[in-house]
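Let me begin by handing over the structure; questions about it come next.
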Amino acid sequence: GHKEALKIIWLCCSAGVDNELEPSRIVDLCFRLGFSSEVLVSPDADAHGIVARLESEHDSACESLEKSLAAAGNMYGMVTKQQFMEWAELTAPQLSSTLSTFMHNLLFHGKWTKHRLNFVPFEYPKLDQKSDIFEGVHPPNLFALACASPHLGGKWHNLYSFEFHGHSMNRLQYSILGYSGPTVVVIKTEGGHILGAFTTSKWKRSKDFYGDTNGFIFQLYPTLSVFSPTGIESNFIKLHDGLGFGGTKDMPRIFIPASMEVCNAGVMDKTFREG
């Protein structure tokens, strides 16, 4: 199960001796497990290419996860087993699946019997188009995002992006209205921060908020943070004169106005956790 896998990950990193660990040791192991899980079921895997990619992508892939886990620890950035498990439950619930998926692929070579599994398999998100935000075959920062939710793995279809569809709210709305599948909205700021939102609700124009508790907002870079619903208010999505998540009608917590200029991102509201 989930907690058992986290305990094993801790044991592998601590060798049963250390009471505190550097976050980099834990995240490094999980990154390599997640990457190796796919290699095990890839018949044309290139051994030299795999090693090179692991070494080149590791730092950027793990940076936001390491910072997030370090923030849950003590003033020196070290974490205890309890702190690690609590952080993983709240921020990176799919981290444990890197181990479970690796072991399953090692033993069964990817032949899933999903009705018997007691975990959601870890999958790297796979983009159907190039992206300025997510670059490369295995975009490094997508590993961190895939750890945040079981809904974020697998194939991604690009509904809208600046680089392919232009700088237009009309085109954004045209691209997403009526789409009923799970959707990830990813925004990169001029300062290099990456944030966004996830929703499972069908897109529609509405002056009022809509959506459900399956959604959340997040920061991906420089530190991974997941802000799940509080249960206090239900102002999840508003798509009218702009696109907003959380907050109020007058001031959504994340807001892209119709002009797509001077966007806003706040740190607290009553719909999503503070951060």
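The values are calculated or read from the model by the stated rules, or taken from the named source; none is laboratory data. Quantities reported herein were computed from a predicted structural model and do not represent experimental measurements. Neighbour counts are summed over all protein chains in view; Cβ atoms, including those assigned to glycine, are modelled from backbone coordinates with ideal geometry. In case anyone asks, the SASA skips ligands and DNA or RNA and just uses the protein heavy atoms, side chains included. Shrake-Rupley method; radii C 1.70, N 1.55, O 1.52, S 1.80 Å.
When only Cα pairs under 8 Å and 6 or more residues apart are kept, what is the percent relative contact order across the chain?
14 percent
Which whole-Hz couplings ³J(HN,Hα) result when phi for each residue of region 245-253 is put into the Karplus expression 6.51 cos²θ - 1.76 cosθ + 1.60, θ = phi - 60°, listed in order with x for Gly and Pro?
9, x, x, 10, 4, 7, 8, x, 5
Let me ask something else about it. Using the 2.2 N^0.38 Å rule of thumb for compact globular proteins, work out how region 140-186 stacks up: its C-alpha Rg over that value, please.
Cα Rg divided by the expected 2.2 N^0.38 Å: 1.30.
Further, regarding this structure: Can you give the longest stretch of the chain with no exposed loop site, where a site means GluC sites (Glu not before Pro) in a DSSP loop (not H, G, I, E or B) with at most 15 other C-beta atoms within 10 Å?
After excluding every exposed loop site, the longest remaining stretch is 1-134.
Starting from the Cα of Lys7, draw a straight line to each of the aspartates and glutamates and keep only those under 15 Å, dropping any in the same chain fewer than 8 residues away.
Lys7 reaches Asp18, Glu20, Glu86, Glu89.
Continuing with the same structure: At 1.4 Å probe size, with no ligands or nucleic acids counted, give the accessible surface of Ser234 in Å², nearest ten.
Ser234 exposes around 70 Å² with every protein chain in place.
Oh, and also: Excluding same-chain residues fewer than 8 positions from Lys202, which aspartates and glutamates have a Cα within less than 14 Å of its Cα?
Lys202 reaches Asp212.
Go from 0 up to the bin containing the longest alpha carbon distance in region 190-236, width 5 Å each, and give me the % of pairs per bin.
In whole percents, the pair-distance histogram is 5, 19, 25, 20, 15, 12, 3.
Express the Stokes-Einstein translational diffusion coefficient of region 206-275 in µm² s⁻¹, to the nearest whole number, given a Kirkwood radius over alpha-carbon pairs, 37 °C and a viscosity of 0.692 mPa s.
Translational diffusion coefficient: 271 µm²/s.
Oh, and also: Given the pairs Lys67/Lys249; Lys204/Lys270; Lys155/Lys270; Lys207/Lys270, which are separated by over 29 angstrom at their Cα positions?
Check vs 29 Å cut-off fails for Lys67/Lys249; Lys155/Lys270.
Give me the angle, in degrees from 0 to 90, between the Cα long axis of helix 95-108 and the longest principal axis of the Cα atoms of the chain, rounded to the nearest 10.
Around 60 degrees separate the two axes.
Rg(Cα) of the chain divided by 2.2 N^0.38 Å?
Expressed relative to 2.2 N^0.38 Å, the Cα Rg reads 1.04.
Solvent-accessible area per residue for the chain at a 1.4 Å probe radius, Å²?
52 Å²
Helix-only estimate, please: 222 nm mean residue ellipticity of the chain, summing -39500 (n - 2.57) across DSSP H runs of length 4 or more and dividing by its residues, to the nearest 500.
-11500 deg cm²/dmol
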